[in-house]
Amino acid sequence: MLGVALVLTTFTVARCYVDSALWLDEALSVSIAQLPLSELRDALRVDGSPPLYYALLHVWIRFFGDGDQQVRLLSAVFGVLSLPLAWAVGTRLRDRTTGWCAVLLLAASPFAVHYATEARMYSLVVLEVLLLGLTVLRALDTPSVPRLLPVPVIAALLLYTHYWSLFLLAALGLVLLAHSVRGAAAPSFRRVSIALAFGLLLFVPWLPTFRYQVRHTGTPWAKPPGTEAVLLTVREWAGGATASGELLFVVLLGLIAVGLFGRAARGPDDRAALTVHLPVEPTARALLGVALGTLVLGIGTGMALQSGYAYRYSSVAVVPALLLAALGLATLAPRARVLVLVLVVATAATGVARLQLFTPRTQAATVAAELRARLLPGDLVLYCPDQLGPAVSRLLPAGVDQAVYPSFGHPERIDWRDYEARNATADPVAFGAAAASRAKGAVYLVWQSGYRTFGTQCQQLAGELSRAKGSGEQLLMPEQKYAERHHLDRFPATGAASR
C-alpha cells in the first residue's frame, strides 16, 4: 500500500501545478467566466461552448482570484475528486482489485493529468462521466426512483459541460438498449435507458443557443478528422507521439485486449495463468461499446459535417477505456500486475514530466514581458490572427491600445461566428493602413503563420505596416519549445528613432 500511496501522491501533486502562462483556450475561459452570469449566454453564443464550466469558474474566480495557478486549481480539484470515484466505479464493476487498478491507471494517465492542469472543462467532464457511470451501475442493481433520479441530472450536467457528451450518451443509450431486450435484468436496463433519455429533456432550455452555435461557430481552426483519428486518440490518451507515449499506448492496448478476452485461471501446477476466453464478458463488451461507440459517433460526425476535431474532445470516452484496461490489469496474476503497474507508472511519469516541465504551453508571457518593457503612450499592439490576443492581452497593463486582425475588436475574446467566411474576405493591406493611421506612436505586431483560414494574411499585414510606418524591427522569434508560439515585430512611430 505504501507504493500505491506514493503513486497517488505523486500524480495528485502533478495535477496541481504547471509552470506556464495560460494559452489561448484557457485565457478565453477566464475572460468569459469573468463576465456577469447574466451575460454568459450571449458570450457563449459567440464562443460555441455550453455554460456549466464557465459558471463554476466564475464563482471560483470570485473566491480565489484570476491568476494562472488559481484558475487552474479548479480543474485540479475535479481531477483529484475523480480518483476516489474511479475506485468506486471499478469496485462496483468487478471487485476491489479492479477498483485499485482503475484509480492507479487514471491517476497515472498523462491525458488526465494534463487536463487537470488546464483552465478548461475537460477535467470536469472526466469527473462527470465517472459520476454517471457510478449512478448507472447503482441504478442497474436496484432501479428504484431514488437511484434513477441522479441519472438524468448527471447526463444533463455533461451536456451543459461539453457537446461531445451527446455522443457518449448516445453510445451508452445504445448499450443499455441492447441489454434491455432479453434476460432477467432487461427491465432494469429499460428503466435506466428511460432515465438517461430524460437528461436530454433537461437540455431543452439551452437548445436555441446550441442550434445557433451549430450554424455559426463550429471549429474553423481545426481540420476534419479521418478514420485514423480513432487509434490516434487512444495514443493521445497514453501521452501522444513520443517514446513514452508510444510505449504506454502499446501497454494500454494490451490491457484492453486482456480485459476483453483474458480470463484468470489455474495452470497444471496450480499457478495463476491467463487464458483466452470467448465470448467477451458482458461488462467488458459494454465498456468497449461506450468508449469505441463514442469515438466512432463523434469522429464520424466530424467527417460527415467536415467539422474540426481535437483530441481533448475525447475526454468523454477516456474513462470507459481506462476502466476496460483496469479489468485487464486486474485479470493478470499478482506478480504480473505489479510489473505492468511499475511499467505504466514509470512510463507515465516520464510523459507527464515532459508535458508539465519541458513543454511550456505558450510564449505569451515572454511576449508580454517584452511589450511591458517597451510600450509608451500612443503605441498600438496588434494581434494576427486574433487567436493570439487572449493569452498576451491579459498580461498587459490596463489602458494599452490593442486590436485584433481582421475585426479591430478587443483581444480578450474571439468572435467565432462565421469565422472562416469573415477571414476569407479580410483585407490585410487596408487593415494595416488603418492601423498605421490610428497609432500615434509605434505599432507592435504579435503574429504567427500557419493558422487555418488566414493563409498569408499576417505576413501581408506586416508588409503593409513596414510600408506605412517604416522598416520593422524583429523583437522575438517563435521558439520551438512552446506549444503556442509568437513573432513580435515593432514598427516605429513615423519619423521617430528606434527606441
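The values are calculated or read from the model by the stated rules, or taken from the named source; none is laboratory data. The shown structure was predicted, so the numbers you read here are calculated from the model rather than taken from an experiment. Note that we place each Cβ from the backbone using ideal geometry, even for glycine, and neighbour counts take in every protein chain shown. To get the accessible areas, we keep the full protein, side chains included, count just its heavy atoms, and leave off ligands, DNA and RNA. Shrake-Rupley method; radii C 1.70, N 1.55, O 1.52, S 1.80 Å.
Quick check: the angle from helix 282-305's long axis to the longest principal axis of the chain, C-alpha only, nearest 10 degrees? Result, in degrees: 30.
Modelled this way, with points 7 Å down the Cα-to-C-beta line, the labels at SER407 and THR12 are 4.3 nm from one another. Model label points for VAL4 and VAL214, set 7 angstrom from Cα along the Cα-to-Cβ axis, are 4.5 nm apart.
Label segment 44-150 by shape, choosing from rounded, prolate and oblate, from the square roots a ≥ b ≥ c of the eigenvalues of the Cα gyration tensor; if a/c is under 1.5 it is rounded, and otherwise prolate applies when a/b is larger than b/c, oblate when it is not. It would help to have the intermediate numbers written out before the result.
On the way: a/c = 2.61, a/b = 1.53, b/c = 1.71.
It comes out oblate by the Cα gyration axes.
Counting only alpha carbon atoms, the long axis of helix 457-469 and the longest principal axis of the chain meet at about 20°. Per residue, the accessible area of segment 171-211 comes to 56 Å² when a 1.4 Å probe rolls over the protein heavy atoms.
Under 1.5 on a/c is rounded, so check that first for segment 387-499, then, if it is not, pick prolate when a/b is larger than b/c and oblate when it is not; a ≥ b ≥ c are the square roots of the alpha carbon gyration tensor eigenvalues.
Numbers: a/c = 1.42, a/b = 1.24, b/c = 1.14.
In terms of gyration-tensor shape, rounded.
The value obtained for segment 375-427, namely the Cα convex hull volume divided by the number of residues, is 74 Å³ per residue. A cysteine counts as unpartnered when no other cysteine's C-beta lies under 4.7 Å of its own; in the chain this applies to CYS16, CYS101. For segment 359-499, the solvent-accessible area works out to 42 Å² per residue, with a probe of 1.4 Å and every protein chain left in place. Full extension of the chain between LEU37 and ARG452 yields a length gain of 146.2 nm, computed as 0.36 nm times the residue separation minus the alpha carbon distance. Sparse packing (at most 16 other Cβ atoms within 10 Å of the Cβ) combined with a DSSP loop state is found for the following trypsin sites (Lys or Arg not before Pro) in segment 129-226: ARG182. Derived from the Cα gyration tensor, the three semi-axes of the equivalent ellipsoid of segment 197-241 are 30, 17, 9 Å, largest first.
If you place +1 on the Cβ of every Lys and Arg and -1 on the Cβ of every Asp and Glu, how big does the dipole about the Cα centre of segment 137-272 come out, in debye to the nearest 20?
On the way: 12 positive and 6 negative charges, 98 e Å.
Charge dipole, segment 137-272, about its Cα centre: 480 debye, nearest 20.
Estimated purely from DSSP H runs of n ≥ 4, each contributing -39500 (n - 2.57), the mean residue ellipticity at 222 nm for the chain is -19000 deg cm²/dmol once divided by its residues. On full extension, the segment bounded by LYS481 and ALA304 gains 60.2 nm, given 0.36 nm per residue less the C-alpha separation.
Each residue of segment 472-484 was assigned a 3J(HN,Hα) from its phi angle through the Karplus expression (A = 6.51, B = -1.76, C = 1.60, θ = phi - 60°), giving x, 10, 7, 8, 9, 10, x, 9, 5, 5, 8, 6, 10 Hz with x at Gly and Pro.
Semi-axes of the equivalent ellipsoid for the chain, computed as √(5λ) from the eigenvalues of its C-alpha gyration tensor and ordered from largest down, come to 46, 25, 19 Å. Here each label is just a point 7 Å from Cα along the line to Cβ, and for ASP19 and ASP418 those points are 4.7 nm apart. Antiparallel beta bridges, as assigned by DSSP with both residues in the chain, represent about 55 percent of the total such bridges.
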